[in-house]
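> Mind looking over this structure? Questions follow.
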Amino acid sequence: MNPYGRTYRRAFVMTGDDAAGWAQAMSAEIHRGLQQIGIVATLLRPEEFRDAFAKPIGERYVMIDLNHKLRVPPGVRTFSVMVDHPCDRIGDLAEDHPPSSILGWVDRSHLPAAATLRLPYRSLFLPHAGPTPSECTLPSTKRPVDVFFAGILGERWERGEWAAAHAWVPPLIVDIIFDAVDRLAFKIDPVLPIFIEVCRGRGIDPQQAFTRDVLCAIVANICKIAEVNRRVAVLAALPDIEIAVASNYLPVSLRGRRNVRYLGYIQNFDEIRREMGRAKIVLNATSKFPAGSHERIWYGIAEGAVLLTDPSTYLDEQFEQGREMLYLPPGDIRSGDLDYLADLVRDRHRLDDIANRAAAIYRRDHTWTRRAAWIDEAINGQVGAATGSAD
């Protein structure tokens, strides 16, 4: 499948039983995708690592992992699928890794962020992907759940409450964090430029004022606060339809609502997929990927659901609003913004049309089998770009 000829013969994809369910599922899908394009691939757990390399492999190979956590000796080629913002992973990225390491970022805006942080590794854009679509998905009329959400939740943070709970953080930093959170809520823009703009508005050069670790810690907090606030606001604004929530926590604003079924935290991602397959609409709310996508989008489409998600410049290139995907309105979610969903969940023809059109695009362009070819060509040096480019 690779027209250039491969410079390696085998691939080892790292996984782990203690990893989050979505991470285990993703590693398994990458492994399967590599096999489907003709690469001899092995799914490897950490406890098997030493035994696998006790004797020389005898042929050229590459190690593939998530978020650049793997420690390998010099000369070993690695490819890391980076599923978080660079600031979230600066601890792993700052360690000594072979200079030949390749990072595949799931959001285009993460490449210039990596360049700003002066990360020395080659970077390229590798959007999230998903599994082979399920063959026997249910029509909307047989799906008992109107909206399904899976993800981390907490109570919505306000500036004063967060400052009181984090009394060791200087008031100026609190203001910078929440000024950036507020701007992030209203713009489909990357977090790092917003943070830099907020700092400069207060007469601060962040790259001079903060060490890289402190800068990254501030940006990571901005992302976490913005994501939780967004998710709580969207869930609270949903109309009186059947909602299922799989999360570590159920916000107070959702408790006691007769239409909300709380499933608790579900580690097994196969169970998450089954819940997606029972839902008419899968909700994805996050501000982390303004120029990329979240894996929940692809898994939801693979299970035949309609996606309701925050917009991104990348998704907008792939899917048309109202025809193949539903986009949440940017900015604060106001009362009534999502009331249209009450009529939509009863419109089986429109739901099935949206799901079927999205599934056709997904099957053609967005499975891990498709992305595996990108990984293969990047390892062979045929695609990708230097750190900081989005080409």
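Just so you know, all these numbers are worked out from the coordinates, no wet-lab data involved. Here the structure is a predicted model, which means the values were calculated and not measured. Counting neighbours? That spans all protein chains shown, and the Cβs are built from the backbone with ideal geometry, glycine included.
> If we count every other residue with Cβ under 9 angstrom of residue 357's Cβ, Lys/Arg +1 and Asp/Glu -1, where does the sum land?
-2
> Taking amide H positions as placed in the peptide plane 1.01 Å from N, state which residues far from residue 306 in sequence (5 or more) or on other chains have amide H under 5 Å from it.
Excluding prolines and chain starts, which carry no amide H, the hits are 281, 282.
> Shifting gears a bit: Expressed as a rounded percentage, what relative contact order does segment 238-391 have, with Cα pairs under 8 Å and six or more residues apart?
Averaging sequence separation for qualifying contacts and normalising by length gives 18 percent for segment 238-391.
> Hey, rough spin-label estimate for residue 53 and residue 71, points 7 angstrom out along Cα→Cβ, what's it come to in nanometres?
Spacing of the two 7 Å Cα→Cβ label points: 1.1 nm.
> Turning to a different aspect of this structure: What spacing in nm lies between the two simple spin-label points modelled at residue 189 and residue 115, each 7 Å away from Cα in the Cβ direction?
With each label point 7 Å from Cα toward Cβ, the separation is 1.8 nm.
> Using 0.36 nm per residue of separation minus the Cα-Cα distance, give me the extension gain between residue 172 and residue 334 in nm, one decimal. Working shown, then result.
Working: separation 162, 0.36 × 162 = 58.32 nm, distance 2.93 nm.
Full extension from residue 172 to residue 334 adds 55.4 nm.
> Now for a different question. Can you work out the Karplus-derived ³J(HN,Hα) for every residue in segment 254-267? Use 6.51 cos²θ - 1.76 cosθ + 1.60 with θ = phi - 60°, whole Hz, and x for glycine or proline.
9, 6, x, 7, 5, 8, 9, 10, 8, 9, x, 7, 10, 6
> Would you please classify the overall shape of segment 69-153 from the alpha carbon gyration tensor, given that a ≥ b ≥ c denote the square roots of the eigenvalues, rounded means a/c under 1.5, and beyond that prolate means a/b larger than b/c while oblate covers the rest?
prolate
> Under the classification rounded if a/c is under 1.5, otherwise prolate if a/b is larger than b/c and oblate if not, where does segment 295-363 fall, given a ≥ b ≥ c as square roots of the Cα gyration tensor eigenvalues?
oblate
> Can you put 216, 136, 87 in order, fewest other beta carbons within 10 Å first?
Ordered by Cβ neighbours within 10 Å, fewest first: 136, 216, 87.
> Determine the calculated [θ] at 222 nm for the chain from helices alone, applying -39500 (n - 2.57) to every DSSP H run no shorter than 4 residues and normalising by the residue count; nearest 500 deg cm²/dmol.
-12000 deg cm²/dmol
> So, one more: Find how much the distance from residue 161 to residue 209 grows on full extension, using 0.36 nm per residue of separation minus their present alpha carbon separation; answer in nm with one decimal.
Gain on stretching residue 161 to residue 209: 14.7 nm.
> Below 8 Å between Cα atoms, with a sequence gap of 6+, how large is the relative contact order for segment 140-365 in percent?
Over segment 140-365, the number comes to 26 percent.
> Next up: Quick one: grab the alpha carbon gyration tensor of segment 140-365, order the square roots of its eigenvalues as a ≥ b ≥ c, and give me rounded if a/c is under 1.5, else prolate or oblate depending on whether a/b is larger than b/c.
Prolate shape, in that a/c is at least 1.5 and a/b is the bigger ratio.
> What order, most packed first, do the peptides 272-280, 164-172, 101-109, 294-302 have when packing is the mean number of other Cβ atoms within 10 Å of each residue? Display every interim value, and only then the final one.
Details: 272-280: 21.9, 164-172: 9.6, 101-109: 24.0, 294-302: 25.9.
Going from most to least packed, we get 294-302, 101-109, 272-280, 164-172.
> Exposure proxy check: 27, 247 ranked by fewest other beta carbons within 10 Å?
Numbers: 27 23, 247 20.
The fewest-first ordering by Cβ neighbours comes to 247, 27.
> Give, in nm to one decimal, the length gained when the segment between residue 323 and residue 270 is fully stretched (0.36 nm per residue of separation minus the Cα-Cα distance).
Fully extending the segment from residue 323 to residue 270 adds 16.3 nm.
> A further question on this structure: What do you get for trypsin sites (Lys or Arg not before Pro) in segment 129-217 restricted to DSSP loop and a cutoff of at most 16 other Cβ within 10 Å of the site's Cβ?
187, 202
> Take each of the peptides 337-347, 365-375, average the number of other beta-carbon atoms within 10 Å over its residues, and list them starting from the highest. Provide the component values of the computation, followed by the final result.
Numbers: 337-347: 16.3, 365-375: 21.1.
Top of the packing list down: 365-375, 337-347.
> For Cα pairs less than 8 Å apart in space and 6+ apart in sequence, what is the mean separation divided by the residue count of the chain, i.e. the relative contact order in percent? Each step should come with its number before you reach the end.
Values: 710 pairs, mean separation 88.4, N = 391.
Rounded, it is 23 percent for the chain.
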